[in-house]
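So the structure is just underneath, and the comments pick up after that.
The values are calculated or read from the model by the stated rules, or taken from the named source; none is laboratory data. Remember, predicted model here, so these are calculated numbers, not experimental data. Here Cβ is always computed from backbone atoms with ideal geometry, including for glycine, and neighbour counts include all displayed protein chains. Note: accessible area is taken over every heavy atom of the protein model, side chains too, but ligands, DNA and RNA are not part of it. Shrake-Rupley method; radii C 1.70, N 1.55, O 1.52, S 1.80 Å.
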Amino acid sequence: MRMILRPDIDAWKQPGSARLYRGEKLGLAFVALVLVAFGVMVELRGAFQNTRKTDLNCYTRAAYAVLTGGDIYQATDNNGYHYTYPPAFAVLMVPLADAPMGVDHPGLVPHATSVAIWTLLSFLLLARIVHVLAGLMLPDAVP
């Protein structure tokens, strides 16, 4: 007699074709909850504290330098850190540009919104990477 862990499919022939069990759904819900909690923590630490505790501000200040015609490598964030990455990345960050403290520049996205967009984009890219790697590991799986 052959023992099958999941009687609804032959797990050896069609990986990925079965419905999720309740425990698997609960596990995915837990992971989603942890990601939301992490995103809230990043938002609070990156936008709503007296000192911003993420690297995003360094990128957005370089983007502001691109926007205003300044030198991206002389731009500093609130902590005094300089931008040290390729110029193309600073150009790509222009939609999230952040003006230095005390400089009023209408039309810029609020920093809290920039942090939320950056965090969401990071999560989406992480999900895409995991999906691609899973597809490489199980090329015959049902999508």
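Observations on the structure shown:
- Tally, over the range 1-44, of residues that are closer than 17 Å to LEU138 by Cα and either at pLDDT 95 or above or of a type in the set (Val, Ile, Thr) (or both): 1
- Here is the figure for the range 52-78: residues that are more than 16 Å from GLY102 (Cβ to Cβ), in a loop (DSSP other than H, G, I, E, B) and within 22 Å of the chain's Cα centre (by Cα) total 3.
- Checked against the criterion of being out of contact with any Pro (no Cβ under 6 Å at 6 or more places or on another chain), open to solvent by less than 60 Å² (accessible area, probe 1.4 Å), in contact (Cβ under 8 Å) with a residue 12 or more places away in the chain and not in a loop (DSSP other than H, G, I, E, B), the range 124-143 contains not a single residue that satisfies it.
- Within the option set PRO87, PRO100, PRO95, being in contact (Cβ under 8 Å) with a residue 12 or more places away in the chain, surrounded by 13 or more Cβ atoms within 10 Å (Cβ to Cβ) and out of contact with any Pro (no Cβ under 6 Å at 6 or more places or on another chain) holds for one residue only, PRO100.
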